[in-house]
There are 2 protein chains.
Amino acid sequence: MASNNGDVKLIGAWASPYVMRPRIALNVKSVEYEFLQEQFGSKSELLLKSNPVHKKIPVLLHNGKPICESSIIVEYIDEVWSSGPSILPSDPYDRAVARFWAAYLDEKNVRGAAAASSEEAKNAAVDQLKEGMALLEGAYVEISKGKDFFGGEKIGFIDIAFGSMLAWLRALQVMLGGVKLLDEEKTPGLCKWAAKFSADPAVKDVLPETEKIIEFAKLLVAKIKAAAASS
Amino acid sequence: MASNNGDVKLIGAWASPYVMRPRIALNVKSVEYEFLQEQFGSKSELLLKSNPVHKKIPVLLHNGKPICESSIIVEYIDEVWSSGPSILPSDPYDRAVARFWAAYLDEKNVRGAAAASSEEAKNAAVDQLKEGMALLEGAYVEISKGKDFFGGEKIGFIDIAFGSMLAWLRALQVMLGGVKLLDEEKTPGLCKWAAKFSADPAVKDVLPETEKIIEFAKLLVAKIKAAAASS
């Protein structure tokens, strides 16, 4: 573990892909941190005080100072603990490409597809997910250049942004009745990548088991449907 | 002007706040570029080829390589022409704060408020804009620490992200019947900032006159309403 961490706390929740991002980044950098988990369905005073604009997890508290938004936190971690393995590439063009795909992934809501309210909405969500996976397969082939990760030999910015969604993607495949999102025929690169990513020492204790996510997703879907019914 | 620019082209359109961001950033760095303007209502082959994922302006072409998404382009410009004035702060925490507010501003759609389809929608849009301005006034006081800009003595990342919206904010004030968004009483800091920003040599030829934006906004609103009516 790195010495001279300072005081590092992360406000989050185990099931959130956005929270998994800074957790993986801190692991990559061997930074010890205290994980402060929010209760499902409520927001702590500390969270509200630390992220008054969005009131959302994750928030990194570094020596008491709050940093918000998952991708911004990952860049912060990369810059502060710069002696550890680099998360962003060093070349400006490669950095722009990494930021582009992280921003692309930020706009996708893998969790929303689980809550589709009709067969039609479900099919539309699945089509969009498959389209996204095909696009990412192409990006993987181009960016990884035959190496294991988008980041090359090691996990990088796109790996973290995308890999944080893997547990939810796998849960979705089951919840949507056996839909293939990670598909050996259509996305062989991503299948290989997903296996390598999930087994990485910085990742394996962060990504929850698929069954645990399915259980949690059912709670979440019930909550979303109850909220929709009462509005 | 900086020498050894390389070949720099920007695909954009004069009225887009997102396109104004890289234009201001290139001016800050004294980088000469060719401005390739898209025609209103159509997309060029070059744009479709350069940004196949989003098919949106702006796209920076640097020695033929495309960089997409306005904030990512501004970071790229800052990193490539690093000998010019810095756009992002050097301290990782200050960088995270700058990225946070730029991302906050990315989510706001000042142009959408002009197209509100009812009095109720208009009032809701105005309330949201005023709330955002109050939040940004607080951020300005805290971040600028009595200096002219969010970036201190010079224009920085938040200044560019927010300042690119100024022409549209001023147009909206007129189009929404004299609503005060930049308000001497409620947002005195931002009023002072807006005047300084608009007069900066890197900015003044990029921000269009309010009247020109109003004229363009009327065209845009008519197009949005026609599209809504035919769907």
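FYI, it's all coordinate maths here, none of it is from the lab. Nothing here was measured: the structure is a model prediction, and the numbers come from that model. Note that we place each Cβ from the backbone using ideal geometry, even for glycine, and neighbour counts take in every protein chain shown.
Here is how the numbers come out for the structure above:
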| item | result |
| --- | --- |
| Antiparallel %, DSSP beta bridges [both residues in chain A], to 5 | 70 |
| Loop GluC sites (Glu not before Pro), the range A:135-231, which have at most 11 other Cβ atoms in a 10 Å radius of their Cβ (DSSP) | A:Glu153, A:Glu184, A:Glu185, A:Glu209 |
| Global size of chain B as Cα Rg and Dmax, reported in angstrom | 17.7, 53 |
| Residue-averaged beta-carbon neighbours from other chains (10 angstrom radius) around A:97-110 | 3 |
| Ellipticity estimate at 222 nm from DSSP helix runs (n ≥ 4, -39,500 (n - 2.57)) divided over the protein assembly as shown, nearest 500 | -16500 deg cm²/dmol |
| Rel. contact order, % - alpha carbon contacts under 8 angstrom, at least six apart, chain B | 21 |
| Options A:Tyr18, A:Ile160, A:Phe150, ranked by Cα towards positive dipole end of chain A, top entry (Cβ charges) | A:Tyr18 |
| Peptide A:89-96, shielding by other chains (average Cβ, 10 Å cutoff) | 5 |
| Along each principal axis, Cα extent of the range A:185-231, largest first, Å | 43, 28, 15 |
| Shortest-first distances to equivalent copies, position B:Lys204, nm, label 7 Å out along Cβ | 6.3 |
| Among B:Val203, B:Leu46, B:Val174 - extreme Cα towards positive end, dipole of chain B, charges at beta-carbon | B:Leu46 |
| Candidates per GluC sites (Glu not before Pro) in the range B:17-49, loop by DSSP, up to 13 other Cβ within 10 Å | B:Glu32 |
| Estimated inter-spin distance, A:Glu120 and B:Glu119, nm [label 7 Å along Cα→Cβ] | 3.4 |
| Global size of the range A:8-80 as Cα Rg and Dmax, reported in angstrom | 11.1, 33 |
| Neighbouring partner chain Cβ atoms per residue of A:62-69, average, 10 Å criterion | 4 |
| Antiparallel DSSP beta bridges within the range A:8-80, percent to nearest 5 | 65 |
| Cα-based radius of gyration of the protein assembly as shown once divided by 2.2 N^0.38 Å, which approximates compact folds | 1.00 |
| FRET efficiency for A:Glu142 and A:Tyr93, using Cβ-Cβ distance with R0 set to 22 Å, rounded to 0.05 | 0.95 |
| DSSP beta bridge pairing in the protein assembly as shown, given as percent antiparallel to the nearest 5 | 70 |
